[in-house]
């Protein structure tokens, strides 16, 4: 009768460790028009998911190097 009433599986959750991170320098609002910089800064402060998304994009794309076996 195990197929009708399967036993509940013990679901374990991974521990999340959070710590304050230094502000990444990869995303620079100076690249935009001067009038847009305060808008982007205000959006990042008021909507945390925007700031988190930008930090993740920077973390995933900024520090990488491309190496090839053939130097051409």
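The values are calculated or read from the model by the stated rules, or taken from the named source; none is laboratory data. A quick note: this is a predicted structure, and the numbers were derived from the prediction, not measured. Please note: Cβ atoms are built from the backbone with ideal geometry, for glycine as well, and neighbour counts cover all protein chains shown.
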TODO: Could you figure out which of (1) under 17 Å from the mean Cα position of the chain (by Cα); (2) in a loop (DSSP other than H, G, I, E, B); (3) modelled with pLDDT of 70 or more isn't true of residue 19?
DONE: (3)
TODO: Go through region 22-60 and give me each residue that's part of a helix (DSSP H, G or I), exposed (fewer than 10 other Cβ atoms within 10 Å of the Cβ) and modelled with pLDDT under 80.
DONE: 30, 31
